1. Going by amide H atoms built from the backbone, whose H comes under 5 Å of the H on B:THR79, apart from near neighbours?
2. Note down the relative contact order for region A:3-236 as a percent, whole number, built from C-alpha pairs under 8 angstrom at least six residues apart.
3. So if I take the centroid of the Cα atoms in region A:111-187 and the same for region B:69-87, what is the distance between those two points in Å?
4. Give me the percent relative contact order of chain B, please, defined on Cα pairs under 8 angstrom at least 6 residues apart.
5. What is the angle, in °, between the Cα long axis of helix A:148-168 and the longest principal axis of the Cα atoms in chain A? Nearest 10 is fine, range 0 to 90.
6. Using the alpha-carbon atoms, what tilt in degrees (0 to 90, nearest 10) does helix A:112-127 show relative to the longest principal axis of chain A?
7. Taking 0.36 nm per residue of separation and subtracting the Cα-Cα distance, what length does fully extending A:PHE220 through A:GLU73 add?
8. Evaluate peptide A:122-131: per residue, the Cβ atoms of other protein chains within 10 Å of its Cβ; return the mean as an integer.
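Taken together, the values in this text are just the output of simple stated rules run on the coordinates, not laboratory data. Remember, it's a predicted structure, so these values are computed and weren't measured experimentally. Please note: Cβ atoms are built from the backbone with ideal geometry, for glycine as well, and neighbour counts cover all protein chains shown.
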Amino acid sequence: MRTVLVTGGSRGIGKAISEKLGQTCNVAVGYSSSKEKADEVVKTIKENGGKAIAVSIDVTSQESVEQCFESVENEFSSIDILINNAGITKDNIFPRLKQEDWDAVVDTNLTGSFRTSKRAVKNMMKNKWGRIIFISSVAGISGNTGQANYAASKAGLIGLAKTISKELGSRNITSNVIAPGYIDTDMTSFLNDEQKEDIIEQLSIKRVGKPEDISNIVSFLCSDESEYITGQVFPVDGGLTT
Amino acid sequence: MEDLLLKLRGIVVEVNEVFEKVKKLFVDELGIEEDKVTMEAKLEEDLDIDSLGIVEVVMAFEDEFEIEIDDEELTDVGTVGQAVNLLHSKL
């Protein structure tokens, strides 16, 4: 059975991905602060007959990334599938955006994925098989008002993913990007009903996205069936970027 | 004179040990036929190792010998023998 690490796996999109992949893989549910939520996800996976552990990971720390990988390797096996999902926002209109907020978002969202991916490909190269999925955002494709830092970090993931796909394709390692649109999670919970209505207006599919809309495609891209798909960006956004 | 000979012999033994470990890594990690791995073998032409393969070998060296190899140190490494000498010099 393959082993997957989902960073930010305890909440929102990461939770849905953890639970979905729990049907076919050993799951390491990575969390930074919400241990209790991670434990709940583990419980759900186990109740459905899967294997899972909660594992602490701070993607801004090389040391923490290393410790996380070692715990997962001790519990299951080396990581075959990596879901780079951990992300933060620190929004502000660009002229007012503080450098510390720029740095924090880029360090977590972009450099964090560099740290985890670099550690993961070591074993994937040895095993001659691997799947890396980057959870980007439509903001990384189109930009988004108030999110210069977030959009830049999410666009950066696309360059990272495409380059990894070219370098490591010969070792059966694929690297793809999902660009979610408006998905109903904690990260978008600050939107009021009127704002939600405005967003839905712009969509072809007239509803806000569900975390499961993302986990379904992630599950496919992690499978053997997707072996000929790499270096691609998949917007899952109800038609927002069409 | 005898001291020098002993010292030289020691070095030869060490180099041979490094070579045997290196050979094992090439065979185990990259699936190269054992007979092909000689001190004279050229990594790219004779062993058919691509650029990513070189990276894999270097990463395996670093793990096996618990050393770090800088990219600059690799510029002159084109044969198995040159790799063995580099590793021996770093032990």
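1. Correct list: B:LEU43.
2. Details: 459 pairs, mean separation 46.1, N = 234.
So the answer I get is 20 percent.
3. Rounded to whole Å, the Cα centres lie 33 Å apart.
4. Values: 67 pairs, mean separation 31.4, N = 91.
Relative contact order, chain B: 35 percent.
5. 30 degrees
6. Once rounded, the angle reads 30 degrees.
7. On the way: separation 147, 0.36 × 147 = 52.92 nm, distance 2.38 nm.
In short, 50.5 nm is gained.
8. On the way: counts 3, 0, 0, 7, 6, 0, 1, 0, 0, 0.
Mean number of neighbouring Cβ atoms from other chains: 2.
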